[in-house]
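Below: one structure, written as structure tokens.
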Amino acid sequence: MLDGKTALITGSTSGIGAAIAERFGKDGANVVLNGLGDEAEIEAQRAGLEKAHGIKAGYANADLTDPGAIEGLMGYVARDFGGADILVNNAGVQHVSPIEDFPVAKWDLIIALNLTAAFHTTRMAMSGMKEKGWGRIINTASAHALVASPFKSAYVAAKHGIAGFTKVVALEGAEHGVRCNAICPGYVYTPLVEGQVADTAKSRGMSEEEVKRDVLLAAQPTKEFVTSEQVAAMASFLCSPDGQQINGAMMQIDGGWVAQ
Ligand code: NAD
């Protein structure tokens, strides 16, 4: 379905991004991985994608809080892959703390990574997509792009920001074959959520099991975690011909969380 296209997925060395990379590889796209982590493990992931799907897979370890590193990443994708036809702005981190204790450095990090990095990648990918008359930008937002939870001020601010940014890019790309949408997952059990369970347990004085049952899945009416593969399938659909008229949408995949 995506033969000949290149997908750049930020934060794809783990969790949701890794599942999206796997799915796009299966769909026939060349894939560029990005993210932090153990070099040998990432190389195994990259080589595994090539072997499993007969595609070209690359990797850049750009730290997306650094605009210069993002320029390096986009230059690599342009040089070695002819630019990104599909851009998934997925890298993100979380920090859980009451506002009065929220570390300023954590606020700055979350806004830089979860929001500003998507501005930089998108501004550098947009003209190539417009020239080709086809492009798909998918922002991994969150249910927290639509509703709030206590103790997540920076994350909720960044995700609400990405929702607005998504709509603007959707309007600017609309007549050029470029689509921009946000996927808004509820809780997906990835390393990011694992860390949150521990932090929330500390903030609220609860056990980790209580946090999973009474805090995380309490918000999710199905009482089940979303899977990374389900999020990846939605990303794939957004790049398919059937997804062509979806633009500027907040695609909820949250077991009914924001319906409440
Ligand atoms: P994860 O921790 O499993 O993966 C995060 C990825 O981002 C990793 O590849 C990591 O190396 C990368 N990363 C972290 N800091 C980076 C930096 N400075 N530069 C480049 N890459 C960096 O997390 P995940 O749960 O897969 O989350 C992926 C996205 O999905 C995030 O934007 C997150 O907010 C969003 N999301 C997650 C959930 C959930 O429940 N897991 C729900 C809604 C939205």
For the chain, with only Lys/Arg (+1) and Asp/Glu (-1) charged at the beta-carbon, what is the dipole magnitude about the Cα centre, in debye rounded to 20?
-> 580 debye
Measuring from centroid to centroid over Cα atoms, what is the spacing of region 129-160 and region 223-239 in Å?
-> 15 Å
The answer for residue 29, listing residues at least 5 apart or on another chain whose modeled amide H is closer than 5 Å to its amide H, is 2
Among 103, 116, 88, which residue has its Cα positioned farthest towards the positive end of the charge dipole of region 1-155, with +1 placed on the Cβ of Lys and Arg, -1 on the Cβ of Asp and Glu, and the dipole taken about the Cα centre?
-> 88
Using a 10 angstrom cutoff on alpha carbons, build the Gaussian network for the chain and name the most mobile of 206, 250, 74.
-> 206
Gain in span if fully extended, residue 233 to residue 123, counting 0.36 nm per residue against the direct Cα distance = 37.0 nm
Contour minus Cα-Cα distance for residue 47 and residue 132 (0.36 nm per residue) | 27.8 nm
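If DNA, RNA and ligands are ignored and the probe is 1.4 Å, what is the ranking of 134, 257, 107 by accessible area, most exposed first?
The most accessible residue leads, giving 107, 134, 257.
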Which FRET efficiency, nearest 0.05, do residue 78 and residue 38 yield, Cβ-Cβ r, R0 35 Å?
-> 0.80
Simple label model, 7 Å out from Cα along Cβ direction - residue 148 to residue 202, nm | 2.4 nm
In whole Hz, what ³J(HN,Hα) sequence does region 3-15 give by Karplus (6.51, -1.76, 1.60; θ = phi - 60°), x for Gly and Pro?
-> 4, x, 8, 10, 10, 9, 10, 6, x, 10, 8, 7, x
Residues whose built amide H sits under 5 Å from the amide H of residue 251, excluding neighbours closer than 5 in sequence, are 182, 183, 184
Residues whose placed amide H lies under 5 Å from that of residue 137, excluding near-sequence neighbours = 87, 179, 180, 181
What number, rounded to the nearest 500 deg cm²/dmol, is the helix-based mean residue ellipticity at 222 nm of the chain, given -39500 (n - 2.57) per DSSP H run of at least four residues and division by all its residues?
-> -14000 deg cm²/dmol
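The values are calculated or read from the model by the stated rules, or taken from the named source; none is laboratory data. Source: prediction; values computed, not measured. Glycine also receives a Cβ, built like all others from the backbone with ideal geometry; neighbour counts cover every protein chain displayed. Protein only, heavy atoms only, side chains kept; ligands, DNA and RNA dropped before computing areas. Shrake-Rupley method; radii C 1.70, N 1.55, O 1.52, S 1.80 Å.
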